[in-house]
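Below is one structure, written out as C-alpha coordinates, with a few remarks after it.
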Amino acid sequence: MNRRYPRITDDLVFGHVMSKKKNCLELLRRIFPELHLKKVNVITQYDGNIGLETKNIRLDVWA
(Lines give C-alpha, C1' and ligand atoms only; values in the text may rest on other atoms or scores of the structure.)
Protein backbone atom coordinates (compact mmCIF):
# COMPACT_ATOMS: atom_id res chain seq x y z
CA MET A 1 0.00 0.00 0.00
CA ASN A 2 1.35 3.41 -1.00
CA ARG A 3 0.52 5.67 1.93
CA ARG A 4 1.21 9.36 1.51
CA TYR A 5 2.31 11.23 4.63
CA PRO A 6 1.63 14.96 5.05
CA ARG A 7 4.42 17.23 3.86
CA ILE A 8 5.31 20.88 4.39
CA THR A 9 3.87 21.64 0.94
CA ASP A 10 0.38 20.62 2.09
CA ASP A 11 -1.67 23.67 3.08
CA LEU A 12 -2.68 22.33 6.49
CA VAL A 13 0.87 21.40 7.48
CA PHE A 14 2.32 24.64 6.10
CA GLY A 15 -0.28 26.72 7.90
CA HIS A 16 0.31 24.92 11.20
CA VAL A 17 4.10 25.21 11.04
CA MET A 18 4.15 28.83 9.93
CA SER A 19 1.46 30.03 12.35
CA LYS A 20 3.62 29.25 15.37
CA LYS A 21 6.91 31.12 15.80
CA LYS A 22 8.62 28.16 17.47
CA ASN A 23 7.79 25.82 14.58
CA CYS A 24 8.65 28.38 11.93
CA LEU A 25 12.01 29.09 13.55
CA GLU A 26 12.83 25.37 13.70
CA LEU A 27 12.00 24.89 10.03
CA LEU A 28 14.12 27.89 9.01
CA ARG A 29 17.01 26.66 11.16
CA ARG A 30 16.91 23.29 9.39
CA ILE A 31 16.76 24.90 5.94
CA PHE A 32 19.45 27.51 6.69
CA PRO A 33 21.73 26.11 9.43
CA GLU A 34 24.56 28.44 8.42
CA LEU A 35 22.53 31.50 9.49
CA HIS A 36 22.38 30.47 13.18
CA LEU A 37 18.92 32.03 13.58
CA LYS A 38 17.88 32.99 17.12
CA LYS A 39 14.39 34.44 16.60
CA VAL A 40 11.81 35.00 13.90
CA ASN A 41 8.97 37.44 13.31
CA VAL A 42 6.03 36.02 11.39
CA ILE A 43 3.38 37.91 9.45
CA THR A 44 0.66 35.83 7.79
CA GLN A 45 -1.13 36.85 4.59
CA TYR A 46 1.44 39.55 3.77
CA ASP A 47 0.21 41.90 1.04
CA GLY A 48 3.24 43.37 -0.70
CA ASN A 49 1.59 46.18 -2.65
CA ILE A 50 4.14 48.97 -2.97
CA GLY A 51 2.69 51.22 -5.67
CA LEU A 52 0.03 51.72 -8.28
CA GLU A 53 2.21 50.81 -11.26
CA THR A 54 3.94 47.77 -9.78
CA LYS A 55 2.84 44.16 -9.73
CA ASN A 56 1.10 43.13 -6.54
CA ILE A 57 2.29 40.18 -4.51
CA ARG A 58 0.59 38.22 -1.76
CA LEU A 59 2.57 35.88 0.46
CA ASP A 60 1.08 33.26 2.76
CA VAL A 61 3.84 34.00 5.26
CA TRP A 62 6.53 36.64 5.61
CA ALA A 63 9.17 35.53 8.12
In Å², what does the accessible area per residue of the range 1-62 work out to with a 1.4 Å probe? 94
Suppose the chain between HIS36 and ARG58 were pulled fully straight at 0.36 nm per residue; how much longer would it get relative to their current alpha carbon spacing? 5.2 nm
Normalised alpha carbon radius of gyration of the chain [divisor 2.2 N^0.38 Å]: 1.40
Full-extension gain between ILE43 and ASP11, please, as 0.36 nm times their residue separation minus the C-alpha to C-alpha distance. 9.9 nm
Before rounding to the nearest 500, sum -39500 (n - 2.57) across all DSSP H runs of length at least 4 in the chain and divide by the residue total; then give [θ] at 222 nm in deg cm²/dmol. -9500 deg cm²/dmol
Which aspartates and glutamates have a Cα lying under 19 Å from the Cα of LYS20, excluding residues fewer than 8 positions away in the same chain? ASP10, ASP11, ASP60
Percentage relative contact order, the chain, counting C-alpha pairs under 8 Å, at least six apart: 22
Spelling it out for VAL61: with amide H atoms placed in the peptide plane at 1.01 Å from N, the residues 5 or more places away or on another chain with amide H under 5 Å from its amide H are GLN45, TYR46
Degrees separating the helix 21-31 axis from the principal Cα axis of the chain, which is the longest one: 80
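The values are calculated or read from the model by the stated rules, or taken from the named source; none is laboratory data. Every value quoted in this text rests on a predicted model; they were computed, and no experiment measured them. Ligands, DNA and RNA are stripped out before the accessible areas are found, and what is left, the full protein with its side chains, is counted by its heavy atoms. Shrake-Rupley method; radii C 1.70, N 1.55, O 1.52, S 1.80 Å.
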